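S.K.: I'd like to ask some things about the structure below.
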Amino acid sequence: MSEYLLEIKNVSKFFYGLTAIDALSLKVKQGQIYGIIGPNGAGKTTLFNCITGIYTPEEGEILWKGKDIKGTPPHKIAELGILRTFQTIRLFAEMSVAENIMSGRHIKSKQKWYNGLIPTPAYYKDERENWEKVGELMEFFGLSQYATTPAGDLSYGVQRKIEMARALAAEPELLILDEPAAGLNENETIELAKTIREIRERGVTIMMIEHDMEMVMSLTEYITVINFGAKISAGVPAFVQDDPIVVEAYIGSDDEDE
Amino acid sequence: MKNISKNSMIAFGLLAIMGVFPFFANSAWIAIGTTFLVFSAVAFSQDIILGRAGAFHMGHAAFFGIGAYTTAILNVHFGWPILATWAPAVIIPVVIALLVTGPIIHLRGDYLLVATIGINIVFIQILENDLFGLTGGPNGIFGIEVIKVFGFEFFEQIHMYYLAFILLGITLFIMKSLDSSKFGRAMFYINKDDIAAQSMGISIRYYKLYAFAIGAGIAGAAGSMFAVQYSAVSPEAFNVLQSIMFFTIVLVGGSASLPGVLIGTFVMFILPEIFREFETARYLVFGVAMILTMILRPRGIWPVKFGNIPSFLKKDVK
Ligand SMILES: Nc1ncnc2c1ncn2[C@@H]1O[C@H](COP(=O)(O)OP(=O)(O)OP(=O)(O)O)[C@@H](O)[C@H]1O
Ligand SMILES: [Mg+2]
């Protein structure tokens, strides 16, 4: 088995002639907090969509624990232990916070096909255990008071927490966060950084896209910088921060921080 | 049990009323009541597919009809007792539903809608062309027997009423099990955001087919009962217009809402029966109800309320 949890090898993704990802390679170690940065439209989200099976890259390999998972459908990717949040929040807006988080328990639930028709003792036990897990996560994220509130009625910051809680409910090995701090105020961002560290302490590997440079630089251990779909720099935060190519790329695009 | 929702309390109330209804009604009213119960079961089965899984399925009358014709054919042509036709009247619609929706289940919204209408039309064509000399063509099949158990004949209207009542009870039991299991929740997740659902490990294909299978099974059972109640089956009871009706009941009443679907069935099928003079204007009632509801209450007359979670999770809710 590979020493890396996730390896992206020469991956390319095209949209009608547009090269969204250009022969990109990177490696994520178990237990890392790994950062992906780059200007708007660089292809960061597309990369995450390739990893999670929403898109299938035309070229290259995506190795999960040494096995190529390219072309695996999203629901199977989740079963492998790769869970994600979305840049534009995707919650089940009319459903309660608890029900939203419960969706993360889906792959852990051991209910049999006939439990959709008839309950059994094993079903009651399973159902109880999964709801308890939801309760723990709501407590961890400070969401308990919103248990019955429709997720769509809550503030942006709270919705971001629900998305993370939902992904964590599936007990992922790799948690993929697409701009988790977007739309958060300063206090919320500080709280988020703390939460991300705590999640890592539980043994979860984290990959995150983030435009908030202060946060990325303080939180991540390794960063890959993407521009126009290609890797332009990679290394520890201190290195990347001062890399002239990176500075150039960000000056070239006028929207470093949004 | 303090965490019984308001909706299920109302449902229990309605069930209690329907349970004693025959003691206060003459047989004509009991017949209307029976129809209401049977159509409610079909509407609920449509609601599993449309209201829960969110599949725009406009061919449900076909599964209802397959159940009805299974009972009719096995009884009239092959001499099976009605009781023996019950299992096939459930299983055959389930198998056919899986076979015909399997290849189209990935279609979205309007595409699936058109494809399921196609299924319904093909079904009607098969019936009208008297396939294998079994379906009886445009006239259908007559002379379906009554249910007999150990020599006792269930020939009175009140017997059919209580059988239909049991059918609806079983249907509601299944819906309750579904809604409080990972299967029902998975359907809602897919319905609300399929990308998010997939990313949480939910197979869209599996849960949509699951919805179709259960929906077709319940509709088939209701069809069997319908065939026995009228002792005849014919194609026009299962055409696309009927499918539109079931589809509309769910949207007008309220997707995935128990009282909503009951209200929808009542408005669409029973009101016209009660006000006889309405009957000719039946479709006018539908049409107006559909338009008004979609304008005034786009989520249905009685929309579903989410938040069906165990009470121990509600302790911090203010
Ligand atoms: N489904 C799609 N069809 C066509 N083009 C797409 C699609 N998804 C992304 N793109 C294009 O691919 C490029 C990369 O987009 P992507 O969303 O990955 O950028 P990003 O780095 O996440 O940017 P941002 O920081 O703004 O989120 C963009 O030019 C975008 O327009
Ligand atoms: Mg993006």
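Every number in this text was worked out from the coordinates using simple rules, so none of it is lab data. This one's a predicted model, so the numbers in the text were calculated from it and none came from an experiment. All Cβ positions, glycine included, derive from the backbone under ideal geometry; neighbour counts span all protein chains shown.
S.K.: Could you give the length gained by full extension between residue A:88 and residue A:3, i.e. 0.36 nm per residue of separation minus their alpha carbon distance, to one decimal place?
M.R.: Working: separation 85, 0.36 × 85 = 30.60 nm, distance 3.26 nm.
Computed gain between residue A:88 and residue A:3 is 27.3 nm.
S.K.: For each of B:130, A:22, count neighbouring Cβ atoms within 10 Å of the residue's Cβ, then give the residues from fewest to most. All intermediate terms of the calculation are to be shown ahead of the outcome.
M.R.: Working: B:130 14, A:22 18.
So the residues, fewest neighbours to most, are B:130, A:22.
S.K.: Among B:241, B:262, A:184, B:107, what is the fewest-to-most ranking by other Cβ atoms within 10 Å? Walk me through the numbers before you get to the answer.
M.R.: Details: B:241 13, B:262 25, A:184 20, B:107 16.
So the ranking, lowest neighbour count to highest, is B:241, B:107, A:184, B:262.
S.K.: Mind giving me the FRET efficiency for residue B:205 and residue A:191? R0 is 30 Å, r the Cβ-Cβ distance, nearest 0.05 is fine. Please list the in-between numbers first.
M.R.: Details: r = 39 Å, r/R0 = 1.29.
Efficiency at R0 = 30 Å is approximately 0.20.
S.K.: Something else now. How tilted is helix B:109-128 with respect to the longest principal axis of chain B? Cα atoms for both, answer in degrees (0 to 90, nearest 10).
M.R.: The angle comes out near 10 degrees.
S.K.: Please report, in debye to the nearest 20, how large the charge dipole of the range B:160-303 is about its Cα centre when each Lys and Arg carries +1 at its beta carbon and each Asp and Glu carries -1 there. Kindly include the intermediate steps, with their values, before the conclusion.
M.R.: Working: 10 positive and 7 negative charges, 93 e Å.
Here the size comes out at about 440 debye.
S.K.: 7 Å from Cα along Cα→Cβ at both residue B:28 and residue A:40: what's the point-to-point distance in nm?
M.R.: Taking the simple label geometry, residue B:28 and residue A:40 are separated by 7.1 nm.
S.K.: While we're looking at this one, here's another question. Dividing the Cα convex hull volume of the protein assembly as shown by residue count, how many Å³ per residue is that?
M.R.: It is 183 Å³ per residue.
S.K.: Using only the Cα atoms of the range A:194-243, what are the Rg and Dmax in Å?
M.R.: According to the Cα coordinates of the range A:194-243, Rg and Dmax are 11.7, 35 Å.
S.K.: For chain B, what number results from the quotient of the Cα radius of gyration and 2.2 N^0.38 Å?
M.R.: Details: Rg = 19.4 Å, N = 318, 2.2 N^0.38 = 19.6 Å.
Its radius of gyration relative to the 2.2 N^0.38 Å reference: 0.99.
S.K.: Simple spin-label model, 7 Å along Cα-to-Cβ: residue B:281 to residue A:19 in nm?
M.R.: Distance between label points: 7.0 nm.
S.K.: Right, here's the next one. If you rank B:57, A:106, A:211 by fewest surrounding Cβ atoms within 10 Å, what's the result?
M.R.: Details: B:57 31, A:106 25, A:211 18.
Least crowded to most crowded, the residues run A:211, A:106, B:57.
S.K.: Over the range B:2-315, what is the relative contact order in percent, taking alpha-carbon pairs closer than 8 angstrom and at least six residues apart? If you can, show how the numbers build up before the last one.
M.R.: Working: 482 pairs, mean separation 99.1, N = 314.
Relative contact order of the range B:2-315: 32 percent.
S.K.: On alpha-carbon atoms, Rg over Rh for the range B:23-144 using Kirkwood Rh? Walk me through the numbers before you get to the answer.
M.R.: Details: Rg = 16.1 Å, Rh = 15.9 Å.
Result: Rg/Rh = 1.01.
S.K.: Near residue A:44, which lysines are there with a Cα under 24 Å away, not counting those fewer than 8 places off in the same chain?
M.R.: Correct list for residue A:44: A:9, A:13, A:27, A:29, A:65, A:67, A:70, A:76, A:161, A:194, A:231.
S.K.: What angle do you read, to the nearest 10 degrees and between 0 and 90, between the alpha-carbon axis of helix B:282-296 and the longest principal axis of chain B?
M.R.: 0 degrees
S.K.: On a 0 to 90 degree scale, rounded to 10, what angle separates helix A:121-140 from the longest Cα axis of chain A?
M.R.: 50 degrees
S.K.: Related question: For the range A:27-178, what does the alpha-carbon gyration tensor say about shape, rounded, prolate or oblate, given a ≥ b ≥ c as the root eigenvalues, a/c under 1.5 as rounded, and a/b over b/c as prolate? Working shown, then result.
M.R.: Working: a/c = 2.14, a/b = 1.38, b/c = 1.55.
Taking the square roots of the gyration eigenvalues as a ≥ b ≥ c, the range A:27-178 is oblate.
S.K.: Along the charge dipole of chain A, Cβ charges K/R +1 and D/E -1, which of A:159, A:26, A:174 sits furthest on the positive end?
M.R.: In chain A, that residue is A:174.
S.K.: Work out the charge dipole of the range B:2-315 with +1 on the Cβ of Lys and Arg and -1 on the Cβ of Asp and Glu about the Cα centre, then indicate which of B:159, B:244, B:84 is farthest towards its positive end.
M.R.: B:244
S.K.: Enumerate the amide H contacts of residue A:233 below 5 Å, restricted to partners 5 or more residues apart or on another chain; note that Pro and chain-start residues carry no placed amide H.
M.R.: Long-range HN contacts for residue A:233: A:225.
S.K.: Here's a follow-up. Quick check on the range B:160-276: take the gyration tensor over C-alpha atoms, sort the square-rooted eigenvalues as a ≥ b ≥ c, and tell me if it's rounded (a/c under 1.5), prolate or oblate. Could you put the intermediate results ahead of the total?
M.R.: Numbers: a/c = 2.02, a/b = 1.82, b/c = 1.11.
It comes out prolate by the Cα gyration axes.
S.K.: If you take the charge dipole of the range B:1-130 about its Cα centre, with +1 on Lys and Arg Cβ and -1 on Asp and Glu Cβ, which of B:127, B:44, B:67 is farthest toward its positive end?
M.R.: Value computed over the given set: B:44.
S.K.: Continuing with the same structure: Quick check for me: using +1 on Lys/Arg Cβ and -1 on Asp/Glu Cβ, what's the dipole size of the range B:2-315 about its Cα centre, in debye to the nearest 20? Before the final figure, lay out each step's value.
M.R.: Numbers: 18 positive and 14 negative charges, 316 e Å.
Result for the range B:2-315 is approximately 1520 debye, rounded to the nearest 20.
S.K.: Please sort B:159-165, A:231-237, A:52-58 by packing, taking for each peptide the average over its residues of neighbouring beta carbons within 10 angstrom, highest first. Provide the component values of the computation, followed by the final result.
M.R.: On the way: B:159-165: 21.4, A:231-237: 17.0, A:52-58: 18.7.
Going by the mean number of other Cβ atoms within 10 Å, highest first, we get B:159-165, A:52-58, A:231-237.
S.K.: Magnitude of the Cβ-charge dipole of the protein assembly as shown, K/R +1 and D/E -1, about the Cα centre, nearest 20 debye? Could the numbers behind the result be given before it?
M.R.: Values: 45 positive and 54 negative charges, 368 e Å.
Around 1760 debye, computed over the protein assembly as shown.
S.K.: Label residue B:195 and residue B:166 with points 7 Å out from Cα along Cα→Cβ: what is the distance between them in nm?
M.R.: 4.9 nm
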